[in-house]
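S.K.: Quick one: this structure, given as structure tokens, is what I'll be asking you about.
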Amino acid sequence: MSSDPDKMMSKADKMTKLTLTRWSADWRGATELYEQAANGFRASNKYEKAKVALEKASKGQEMQASPWDAAKHMESAAALAQKLSIWNEVADFYRKASELYIECGRAQPASDALGKAARALEDVKPDDAIQLYTDACEILEEDGRDQMAFDLYRACANVYIKLEKFTDAATFFLRLGVAADKCDATNSQCKAYLSAIIVYLYAHDLKQAEKCYNDCSQIDAFMKSDQSRSASRLLTAYNEGDIEEIKKVASSSTVSNLDHSIIKLARKLPTGDVTAIQMNTNDDLDEDDLT
Amino acid sequence: MPVIDIIFRVDEICKKYDKYDIDKQRELGASGDDAFSRLYTSIDSDIEAVLRKAELASTEKNRAAAVAMNAEVRRTKARLAEDVVKLQKLAVKKVKGLTREEQESRCDLVISLADRIQVIPDGNEHAAKQASNDWGGGASAPNKNIKFDMSEEDMDDGFFQESEESSQFRQEYEMRKKKQDEGLDVISEGLDALKNLARDMNEELDKQVPLMEEMETKVDGATSDLKNTNVRLKKQLVQMRSSRNFCIDIVLLCVVLGIVSYIYK
């Protein structure tokens, strides 16, 4: 066999093409050649060709009914596509890999593949990234491994925050809370709820934040935690228009244990005019005044 | 003048003025047939005793002991005051063999006795005197008598003003308390960080538990596979080795090699 990857590629292609002399494709031989060719291309930094070789190798493995190897090749191809910045191929390849993993019955690698795709696309195509994260979380939840989904939820919420879609971010934190509740991970749950409340406050949506706090207070684990105390202090500070108190809570250790993006949001509180809220409460008192 | 002369002269003078010596007269008259003189002498001696106690109390360093002594003095004063009243009644009574001047003098004696009792220091004037000074001027000797009687003379302006000492003490106390608070804050922040770390570690370990279990099942499967393979391999080897032919083959091969090497040497 010649060590020239191109020659190997052409030979392998010939092996798989059905002609008069060849009635059935020799996938095994072809796959081997494809793999060798891919290694050769990678060594000589011809990533485009390597990617193509890996794609074909994966196809070969699939034909040989070994989805695991096929998925592995797909992932390698996707990584190369990432290096070449061909983004839609990245997403496609990782999705294909994920499907193959699910065929194997292995949910964790499937969601890992989607996670890697999402991370690659975070900066370039955030909407696709969000979709990939959501799918990854769903795969894990179906398999009953919610704990692994925490990091994915957090990453997804961070993407939303970067896109400044705060309600969506808060929704994801609440979903994190639900997943944490299923696994009795109270610390993560309470941190998720506090993060959601802070996101609402950053979006200057005090009503929503209070509603969120009230909803979360139904849960015992949250009620007894430090995070709920910080949340209530923050909300009372907002209601009284006490900027000093808000800053103090934002720099407290409870908030500093959350994600970096949330800490950044908290430090920027209060957004907008806090005194306006105070005026509204005074008006209410006047209405109730019976004299 | 030589000393002995002085002594004689003093004795002469004393003898001359003996009749003015109340104590001696009292002693002379105290073989006393009447109740008045008896009571009088007893009250007198009591007053002397109380005065001595009062002196002791005023020089006493230990405040609690001083307070106790002053209380004792006050109690005795009260008792003596009652006795003086009795004495007064006796003084007014007419006694046989007593001149009118003596009677009047008895009344005077009673009054003087009452005054003497009043004058006995029981720590009260001490407080009144010091309270009337301006404490803000830095009274160096703080009041040793701790009292709770709210007599009017105590309630003037100077009474509640703090001295330099006490304000300094308060400042130092506040500073130390602030330092302690700061230290405690630092400790509490550290503890918060530790608690968070511990909880996260706890959750991570909880995540790892099912993974470990899965690994365990997989590894168990792999071990049993390996065991099977090993048993089979051993069976094969045993089959091969136990055949005599195998040994005979090796021996004959060696012989042939030996012959060949011999031929070609």
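S.K.: In whole Å, how far is the Cα centre of segment A:246-264 from that of segment A:175-217?
M.R.: The two parts, judged by their Cα centres, are 14 Å apart.
S.K.: How big is the Cα convex hull of segment A:35-144 in projection, averaged over all directions, in nm²?
M.R.: For segment A:35-144, averaging the hull's shadow over all directions gives 6.3 nm².
S.K.: A follow-up question, please. What does the buried accessible surface come to for A and B, summed over both chains, with the probe at 1.4 Å? Round to 100 Å².
M.R.: The summed interface area works out to 1100 Å².
S.K.: Further question on the same structure: If I model a spin label as a point 7 Å beyond the Cα along the Cα-Cβ vector, how far apart are those points for residue A:205 and residue A:99 in nm?
M.R.: Placing both labels 7 Å along Cα→Cβ, they lie 3.5 nm apart.
S.K.: Give the angle, between 0 and 90 degrees and rounded to the nearest 10, that separates the Cα long axis of helix A:126-143 from the longest principal axis of the Cα atoms of chain A.
M.R.: It is inclined by approximately 90 degrees.
S.K.: How large a share of the accessible area of chain A, in percent, is made up of carbon and sulfur atoms when the probe is 1.4 Å and the other protein chains stay in place?
M.R.: Answer for chain A: carbon and sulfur cover 49 percent of the accessible area.
S.K.: Once you put a point 7 Å from the Cα of residue B:249 and another 7 Å from the Cα of residue B:189, both along the Cβ direction, what distance in nm separates them?
M.R.: 8.1
S.K.: Cα to Cα, under 22 Å, and not fewer than 8 places away if on the same chain: which lysines meet these conditions relative to residue A:14?
M.R.: Here the lysines satisfying the reach criterion relative to residue A:14 are A:46, A:49, A:51, A:56, A:59.
S.K.: So how far apart, in nm, are the two label points at residue B:101 and residue A:240 if each is 7 Å from Cα heading toward Cβ?
M.R.: In this crude spin-label approximation the distance works out to 9.0 nm.
S.K.: If each residue of separation counts as 0.36 nm, what is the full-extension length gain between residue B:115 and residue B:23 once their alpha-carbon separation is subtracted?
M.R.: Here the segment from residue B:115 to residue B:23 would lengthen by 31.3 nm.
S.K.: Add -39500 (n - 2.57) for each DSSP H run of 4 or more in chain A, then divide by its residues: what number comes out at 222 nm, to the nearest 500 deg cm²/dmol?
M.R.: So the helix-based figure for chain A works out to -25000 deg cm²/dmol.
S.K.: Now, a different point. Take the Cβ-Cβ distance between residue B:1 and residue B:108 as r, set R0 to 30 Å, and report the resulting FRET efficiency rounded to the nearest 0.05.
M.R.: That pair, residue B:1 with residue B:108, gives E of 0.15.
S.K.: Can you list the residues in segment A:165-194 whose accessible area drops by at least 40 Å² when all protein chains are present, compared with the chain alone? Use a 1.4 Å probe, heavy atoms only.
M.R.: Going by heavy-atom accessible area, the residues of segment A:165-194 that drop by at least 40 Å² are A:187.
S.K.: I've got another one for you. Can you grab the distance from the C-alpha centre of segment B:168-183 to the C-alpha centre of segment B:42-118, Å, no decimals?
M.R.: Using only Cα atoms, the two centres lie 53 Å from each other.
S.K.: On a 0 to 90 degree scale, rounded to 10, what angle separates helix A:206-217 from the longest Cα axis of chain A?
M.R.: It is inclined by approximately 80 degrees.
S.K.: Cα axis of helix A:27-43 to longest principal axis of chain A: angle in degrees, 0 to 90, nearest 10?
M.R.: Approximately 70 degrees, to the nearest 10.
S.K.: Going by a 1.4 Å probe on protein heavy atoms, which residues of segment B:187-208 end up with at least 50 Å² less accessible surface in the whole assembly than in their chain alone?
M.R.: Correct list: B:196, B:199, B:203, B:207.
S.K.: Still on this structure, please answer the following. Using the heavy atoms of the protein chains and a 1.4 angstrom probe, tell me the accessible area per residue for segment A:35-144 in square angstrom.
M.R.: On a per-residue basis, segment A:35-144 sits at 45 Å².
S.K.: How high is the relative contact order of chain A, in percent, with contacts defined as C-alpha pairs under 8 Å that are six or more residues apart?
M.R.: Here the relative contact order equals 8 percent.
S.K.: For a test of the definition: using alpha carbon positions, the gyration tensor, and the 1.5 limit on a/c, classify the protein assembly as shown as rounded, prolate or oblate.
M.R.: Prolate shape, in that a/c is at least 1.5 and a/b is the bigger ratio.
S.K.: Please list, in order along segment B:169-180, the HN-Hα scalar couplings obtained from phi with the Karplus expression 6.51 cos²θ - 1.76 cosθ + 1.60 (θ = phi - 60°), rounded to whole Hz, x for Gly and Pro.
M.R.: 4, 5, 4, 5, 4, 4, 5, 5, 4, 4, 4, 4
S.K.: Further question on the same structure: Could you run the Karplus curve 6.51 cos²θ - 1.76 cosθ + 1.60 with θ = phi - 60° over segment A:230-240 and give me ³J(HN,Hα) per residue in whole Hz, x for Gly and Pro?
M.R.: My calculation for segment A:230-240 gives 4, 4, 5, 4, 4, 5, 5, 4, 5, 5, 8 Hz in order.
S.K.: Label segment A:119-255 by shape, choosing from rounded, prolate and oblate, from the square roots a ≥ b ≥ c of the eigenvalues of the Cα gyration tensor; if a/c is under 1.5 it is rounded, and otherwise prolate applies when a/b is larger than b/c, oblate when it is not.
M.R.: Oblate, because a/c is 1.5 or more while a/b does not exceed b/c.
The values are calculated or read from the model by the stated rules, or taken from the named source; none is laboratory data. A quick note: this is a predicted structure, and the numbers were derived from the prediction, not measured. No Cβ is skipped: glycine too gets one built from the backbone with ideal geometry, and neighbour counts run over all protein chains shown. Ligands, DNA and RNA are excluded from the accessible area calculation, which covers all protein heavy atoms including side chains. Shrake-Rupley method; radii C 1.70, N 1.55, O 1.52, S 1.80 Å.
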